[in-house]
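See structure below.
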Amino acid sequence: MRIARYRFEGEVSYGVADGQVIREMSGTPFPAGSEIDVTGVEHDIDAVDLLAPVLPTKIIAVAKNYADHAAEMGGEVPREPMIFLKPSTAVIGPEGVIRLPGQSERVEHEAELAVVIGRLCKDVPEHRVPEVVLGYTCANDVTARDLQATDGQWGRAKGFDTFCPLGPWIETDIDPDDLAIECEVNEQVRQDGSTSDMVRTVAELVAWISSVMTLVPGDVILTGTPAGVGPLANGDTVTVTIEGIGTLDNIVSDSGVFA
């Protein structure tokens, strides 16, 4: 099942995406395992604005979970998972604009599989991880690479507004352990890998992270990126595609926004 979050005539709803049709849901898909009720209202998918499929309380990202990416960054895979947090204000959805901050001279893409937590959980054993996961979506862990190098910690480099595109929907029925993952910039392939190359599996990551902190419905875990990360520039279109899930497109702009 593909669960989308969308806006139609000013109203935001969850729905079940099936081909070109979105069927409006009654309420939300949380907690995982609850019955999904549809209202009978249907929309053509081209008539709605797809939004980020979830608004997480927190985003937990895993660093250096692909050996080839760790190597290209001049490092090694850590002995234990290395995690950091991205703020919820970094989230944008499909077709959203990635804003290049004036503080950075090198912003890069990082295509990633995102895990959407479906129920309140803590200290989850690996064999029970599927019970707490609602599903999976595409993510882009946008990073100000120069600031990552100079700051000594990653809060600013990873935390700018618009630095966590998610979408286009949540796929609930998929095995996350062997999915092709690709990133294109202006239709040129930059990253081409597979989740089978992850050092630690989804089950291992969810179990380990839940031993550190309580996870709540809607939390997102970013599982790391394969090699091939590279710069983004004003006017670029960046596309993350994950097998069995879909494609997340975003445009890049150096235009500032004041709200």
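Laboratory data are not the source of any read-out in this text; all were calculated from the coordinates shown. The model shown is predicted, which means the values in this text are computed figures rather than measured ones. All Cβ positions, even for glycine, are placed from backbone atoms using ideal geometry, and neighbour counts span all protein chains on display.
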field: Segment residue 196-residue 103, extension gain: residue separation times 0.36 nm, minus the distance between their alpha carbons
entry: 29.9 nm
- prompt: What label, among (1) 40; (2) 58; (3) 46, belongs to percent of Cα pairs over 25 Å apart computed from the structure on display?
  reply: (1)
query: What is the dipole size for the chain, taken about its Cα centre, with +1 at each Lys and Arg Cβ and -1 at each Asp and Glu Cβ, in debye to the nearest 20?
result: 1000
statement: Reduced to Cα centres, the span from the range 101-151 to the range 1-25 in Å works out to 24
- prompt: For the residue pair residue 254 and residue 153, what label-to-label distance in nm results when each label sits 7 Å from Cα along the Cα-to-beta-carbon direction?
  reply: 3.0
query: Just 46, 197, 175 to compare: in a GNM of the chain, with alpha carbon springs under 10 Å, which one fluctuates most?
result: 46
- line: Length gained if residue 189 through residue 211 is fully extended, taking 0.36 nm per residue and subtracting the Cα-Cα distance, is 4.3 nm
statement: Exposure proxy check on 127, 43: fewest-to-most Cβ neighbours within 10 Å is 127, 43
- request: Enumerate the calculated ³J(HN,Hα) couplings along the range 238-252 in order (Karplus 6.51 cos²θ - 1.76 cosθ + 1.60, θ = phi - 60°), each rounded to whole Hz, writing x wherever the residue is Gly or Pro.
  value: 10, 10, 10, 10, 10, 3, x, 10, x, 10, 10, 10, 9, 9, 10
- request: Pairs of Cα atoms under 8 Å, at least six residues apart: use those to get the relative contact order of the chain, whole percent.
  value: 26
task: Provide the FRET efficiency to the nearest 0.05 for the residue 247-residue 44 pair, computing r from the beta carbons and using R0 = 22 Å.
output: 0.75
- prompt: Quick one: length gained pulling residue 122 to residue 9 fully straight, 0.36 nm per residue minus the C-alpha distance?
  reply: 36.8 nm
- prompt: Points 7 angstrom from Cα along the Cβ direction at residue 18 and residue 180: gap in nanometres?
  reply: 2.7
- prompt: Considering only DSSP beta bridges with both partners in the chain, what is the antiparallel share in %, to the nearest 5?
  reply: 90
